[in-house]
Amino acid sequence: MVRVILPRKLDQGRTMVISTVLLAVAVLLGGILLEGDRNPPFQGLDDAWYGFAATLHSPFWDGVNLVLNWTGYTGMLIFHILLASALLFRRRPLSAAFSAVAGLTVMLLTQLLKWIIHRPRPLNAHVATDTYSYPSGHVSATTAFVLVVALLIGRGWAWLLAIGGMLAMMISRIYLAAHWLTDVVGGACLASGVVLLLWLASQKICIEENIDARRALDWKSRVARRKRHAGQGVT
């Protein structure tokens, strides 16, 4: 039988340091913007990336990024619901709760920071936008989802896909002129730090739950095989 869900325990000290650094970056960027300076010291870098992205447009990449625009907003909500439902179906309610809490916490913190900081978005966005620019909601939602999946699967390939998905969404938001570079960096750092901290608090019970669910599934599989063999023997 192929084992797909194999959550692994992360080193607490190392993960705490990484989470703290990531959250510090998000807070630092937000704090500079909160000072009310509409021309922060990193605006030149943001402008350079904005100008570079404007040179990359083509019909093909426009279509790809419109799909990513849907994926990072409505799509992520649907994916979180599907993930939690799949975990409940596989008898992993605590893992489902971790998934839901992680997604909801990141979403609420992102919206709270948007309304506190009030950073204007870039001009001439190629998609409809709402609220404010920092941090990127699409990037934070995508980062939260892909990290949750990677943590629950616990495989190297899942981490690679998670990093790829996060980077793709970051690039997409700049390409669409929906966010500045620092917006997407802040969104990724915020979501990563929050999800990793929540995993530290949840990993023990999620791993134990997974082990118990696997044992129950193995026992049911053995019982089913014995019944089939017994039925074949009778005939």
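Against the main long axis of the alpha-carbon atoms of the chain, helix 43-54 sits at an angle near 70°.
Using only Cα atoms and rounding to the nearest 10 degrees, what angle (0 to 90) does helix 156-175 make with the longest principal axis of the chain? Once rounded, the angle reads 30 degrees. If only the Cβ of Lys and Arg carry +1 and only the Cβ of Asp and Glu carry -1, the dipole of the chain around its Cα centre is close to 1780 debye.
Annotation for Ile81 and Asp130: the two label points, set 7 Å from Cα along the Cα-Cβ direction, are 1.6 nm apart. Please list, by residue number, everything in the stretch 169-187 whose backbone N is under 16 Å from a paramagnetic label point 7 Å out along Cα→Cβ of Ala54. Answer for this model: 174-181. Taking amide hydrogens as placed 1.01 Å from N in the peptide plane, the amide H of Ala178 sits under 5 Å from those of His126, each at least 5 positions away in sequence or on another chain. Using a Förster distance of 35 Å, how high is the FRET efficiency between Leu160 and Arg38, based on the Cβ-Cβ distance and rounded to 0.05? After rounding to 0.05, the efficiency reads 0.40. With equal scatterers on the alpha carbons only and no solvent term, can you work out the Debye log10 of I(q)/I(0) for the chain at 0.11, 0.12, 0.17 1/Å? Log-scaled intensity ratios, in q order: -0.61, -0.70, -1.20. With each label modelled as a point 7 angstrom along the Cα→C-beta vector, the Leu123-Ile205 pair spans 5.2 nm. Helix 93-117 and the longest principal axis of the Cα set of the chain meet at an angle near 10°. Put a dot 7 Å past the Cα of Asp11, heading toward its Cβ, do the same for Leu94, and the two dots end up 2.5 nm apart. The relative contact order of the chain comes to 34 percent, based on Cα pairs under 8 Å that sit 6 or more residues apart.
Each reported figure results from applying straightforward, stated rules to the coordinates on display, with no laboratory input. Fair warning: this is a prediction, and the values are worked out from it, not measured in the lab. Virtual Cβ from ideal backbone geometry, glycine too; neighbours counted across all protein chains shown.
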